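Down below is the structure, laid out as structure tokens.
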Amino acid sequence: MIRDVRGEAALQHSGGAPHISTAYAWGTASSDTLNGRLRNELEERRASLAVGQVHLLDVTWSIDKGTGGWRMSWTPVAEIRLGTALGR
């Protein structure tokens, strides 16, 4: 899908395992409460998810000089609508 939008040179690595992020934070935070609730609410640890569109982002990592940690930023590249998911 990414190569269809941005060309063959757009992917220079495998991208790792597919995943969905539930939250991001700039500071230190615990995800235990969120992850615990998600685990407790899902039967068999699986859930259906309808996806109506995908946003392709150009993600950049840099050192945050104020904290010494990593900072992630992104620029929207493309919005890809998918079939008739969610009745649209």
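Odds and ends about this structure:
- Arg37 vs. criteria surrounded by 10 or more Cβ atoms within 10 Å (Cβ to Cβ), in a strand (DSSP E or B) and at pLDDT below 85: no
- Hey, Thr60 of a type in the set (S, T, N, Q) and at pLDDT 75 or above or not: yes
- Gly15 being modelled with pLDDT under 70 and either hydroxyl-bearing (Ser, Thr, Tyr) or exposed (fewer than 10 other Cβ atoms within 10 Å of the Cβ) (or both): yes
The values are calculated or read from the model by the stated rules, or taken from the named source; none is laboratory data. Not measured: the values here are computed from a predicted model. Note: ideal-geometry Cβ built from the backbone for every residue, glycine included; neighbour counts use all protein chains shown.
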